[in-house]
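To start, the structure under review is shown below, and the notes come after it.
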Amino acid sequence: MNPSCNLFIVGPTGAGKTSIGRRLAEHYGLSFVDLDQEIEHQCGVPVSTVFEIEGEAGFRLRESQLLDECSRRRGVVLATGAGAVLDPANRRLLTERGYVLWLQATLEQQLERLAHDRQRPLLAGTDRAERLTAMAERRTPFYREIADLVIPGVHEHVHAASDRSILLIDQHWQRQHAA
């Protein structure tokens, strides 16, 4: 168990990190932070534009800097980007500064949830299933490595998924209150 006043959410693209994260923050009376939205706010442009101008390496650098900043806050639910776990320093920050939830999603769930999404630069192209599979193969070991709690992906509405997550979190999270 990892006692903490923060909940950090990791998982693949389309797992529901933002949607469920907002509901968890409301339920626990914590602030909600979406790391990709923080990057967009700081840069003044969408993530896709950051990728276009700076490439993935530039985006990952910004992501790491903001993860460091945002994870220092106390009393937050932080939804990371799906690839934030690729950097060993990010993984260390997540495990040291928060209770890490791994929201899982099957390939079928991802494809369904992302069917109309054209904003994610790493999904651009024709074969999304192949791209998502490749990302999962690379990232899943890192999610597993840092997760304090695994929330299995189930085909259900976000409210039901949030309620199920809260039940699991309440059984396992040793919550410390932010001072």
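In what sequence do I151, I9, I53 fall when counting other Cβ within 10 Å, fewest first? Present the calculation step by step, with values, prior to reporting the outcome.
Numbers: I151 22, I9 26, I53 11.
With the sparsest Cβ surroundings first, the list reads I53, I151, I9.
Couplings for region 47-56, taken from phi via the Karplus curve 6.51 cos²θ - 1.76 cosθ + 1.60 with θ = phi - 60°, read 3, 4, 6, 4, 4, 4, 7, 10, x, 5 Hz in order; Gly and Pro are left as x. Can you compute the helix-only [θ] at 222 nm over the chain? Use -39500 (n - 2.57) per DSSP H run of at least 4 residues, normalise by all residues, nearest 500 deg cm²/dmol. Result for the chain, helices only: -17500 deg cm²/dmol.
Sort I166, I39 so that the residue with the fewest other Cβ atoms within 10 Å of its own Cβ comes first and the one with the most comes last. Working shown, then result.
Working: I166 16, I39 20.
Ordered from fewest to most neighbouring Cβ atoms within 10 Å, I166, I39 come out as I166, I39.
Between S31 and H159, what FRET efficiency comes out of the Förster formula 1/(1 + (r/R0)^6) with R0 = 22 Å and r the beta carbon distance, rounded to 0.05? Walk me through the intermediate numbers first.
On the way: r = 21 Å, r/R0 = 0.95.
So, using R0 = 22 Å, E works out to roughly 0.60.
Quick check on the exposure proxy: order T106, T13 from fewest to most C-beta atoms within 10 angstrom. Intermediate results must be reported in sequence, preceding the final value.
Details: T106 17, T13 22.
Least to most surrounded, the residues fall as T106, T13.
Short-range pairs are left out: with C-alpha atoms under 8 Å and at least six residues apart, the relative contact order of region 7-172 is 33 percent.
Every read-out reported here was derived from the displayed coordinates using simple, explicitly stated rules and does not represent laboratory data. Everything numeric in this text was worked out from a predicted model, so none of it was measured. All Cβ positions, glycine included, derive from the backbone under ideal geometry; neighbour counts span all protein chains shown.
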